[in-house]
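*Asks:* I have a structure I would like to understand better, so I am pasting it below and will then ask my questions one at a time.
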Amino acid sequence: MRCPFCHVDNDRVVDTRSVDDGYQVRRKRVCSNCHRRFVTLETMQQLGVRVVKREQTREPFDREKIRRGIERACSKRPITSSRIEKCVQGIEADIYASFDSEIPAEKIGDIVLAHLADLDPVAFIRFASVYREFDDADDFLHAISEVIGQGVGRPD
């Protein structure tokens, strides 16, 4: 690792910690040349899963796109960012566990809805209204009955 101050590739690791539930490693380092300290953050690099859209175009899977959609659905709800992060991690884990190279966009939407059902009933309805393209109040009533029937998001 090159020192960000003197750009010499000679350092030693002082401390290593796992962060983000083991998905990242944070290392404190000391440059052997200038003796300044800096921190590096290592993240796991997943093999590229491609999303197959409805019109059969393909694009790389984007974790941040999932996060943004969930954050919009959870807007003004009493849901912490750490719970949203755990939800996104669960969705990503399900995708990489079930699909090797390509995943239909519809499957991603279904996986997100399943995780939102456990997270919050209002967020589930909000996301479902966009994902399923609700046209009228009956679509909302159907989704609400789905939430009520499954006991979605209710505390135990």
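The values are calculated or read from the model by the stated rules, or taken from the named source; none is laboratory data. Fair warning: this is a prediction, and the values are worked out from it, not measured in the lab. Positions of Cβ are generated from backbone atoms using ideal geometry, with glycine treated the same way; all protein chains shown enter the neighbour counts. Each accessible area value is taken on the protein alone, full model and side chains, heavy atoms only, with ligands, DNA and RNA left out. Shrake-Rupley method; radii C 1.70, N 1.55, O 1.52, S 1.80 Å.
*Asks:* Report the residue, chosen from LYS76, LYS86, LYS107, that carries the largest GNM mean-square fluctuation when the chain is represented by alpha-carbon nodes joined by springs under 10 Å.
*Replies:* LYS76
*Asks:* If you count only protein heavy atoms with a 1.4 Å probe, what accessible area per residue comes out for the chain, rounded to a whole Å²?
*Replies:* Here the residues of the chain average 65 Å² of exposed surface.
*Asks:* Spin-label point model (7 Å from Cα, Cβ direction): what's the ALA105 to ARG68 distance in nm?
*Replies:* Roughly 1.3 nm, to one decimal.
*Asks:* If you don't mind, another one. Using alpha carbons only, how many angstrom separate the centre of the stretch 87-156 from the centre of the stretch 1-72?
*Replies:* 28 Å
*Asks:* Could you tell me which of rounded, prolate or oblate describes the stretch 81-141, using a ≥ b ≥ c as the square roots of the eigenvalues of the alpha-carbon gyration tensor, with rounded for a/c under 1.5 and, failing that, prolate when a/b is larger than b/c and oblate otherwise?
*Replies:* oblate
*Asks:* Considering the options GLY69, MET44, SER81, tell which one lies farthest towards the positive end of the dipole of the stretch 32-102, charges being +1 on Lys and Arg and -1 on Asp and Glu at the Cβ, about the Cα centre.
*Replies:* SER81
*Asks:* Can you work out ³J(HN,Hα) from phi for every residue in the stretch 85-92, in order, using Karplus 6.51 cos²θ - 1.76 cosθ + 1.60 and θ = phi - 60°, giving whole Hz and x for Gly and Pro?
*Replies:* With coefficients 6.51, -1.76 and 1.60, one gets 4, 4, 5, 4, 4, x, 5, 4 Hz.
*Asks:* Put +1 on the Cβ of every Lys and Arg and -1 on every Asp and Glu Cβ in the chain; which of GLY149, LEU116, VAL19 then has its Cα farthest towards the positive end of the dipole?
*Replies:* Result: VAL19, furthest along the dipole toward the positive end.
*Asks:* Continuing with this model, one more query. Ignoring any ligand, DNA or RNA, what whole percent of the accessible area of the chain comes from carbon and sulfur when the probe is 1.4 angstrom?
*Replies:* It is 49 percent, rounded to a whole number.
*Asks:* Another question about this same structure. Cross-chain or 8 or more residues apart, Cα under 18 Å: how many lysine pairs in the stretch 1-113 fit that? Count them up, please.
*Replies:* 4
*Asks:* Treat each spin label as a single point 7 Å out from the Cα along the C-beta direction, and report the MET44 to ASP136 distance in nm.
*Replies:* 4.7 nm
*Asks:* Shape call for the stretch 42-87 from the C-alpha gyration tensor, a ≥ b ≥ c root eigenvalues: rounded (a/c under 1.5), prolate (a/b greater than b/c) or oblate?
*Replies:* Taking the square roots of the gyration eigenvalues as a ≥ b ≥ c, the stretch 42-87 is oblate.
*Asks:* Pairs of Cα atoms under 8 Å, at least six residues apart: use those to get the relative contact order of the stretch 1-145, whole percent.
*Replies:* Normalised by residue count, the contact order of the stretch 1-145 is 16 percent.
*Asks:* List the residues, sorted by chain then number, that are 5 or more residues from ASP11 or on another chain and whose placed amide H is less than 5 Å from its amide H.
*Replies:* Residues meeting the criterion, in which the H sits 1.01 Å from N, are SER32.
*Asks:* Residue separation times 0.36 nm, minus the C-alpha to C-alpha distance between ARG27 and ARG2: what's the value?
*Replies:* Length gained, ARG27 through ARG2: 7.7 nm.
*Asks:* From the helices alone, meaning DSSP H stretches of at least four residues, give me the mean residue ellipticity at 222 nm for the chain, per-run term -39500 (n - 2.57), in deg cm²/dmol to the nearest 500.
*Replies:* -14000 deg cm²/dmol
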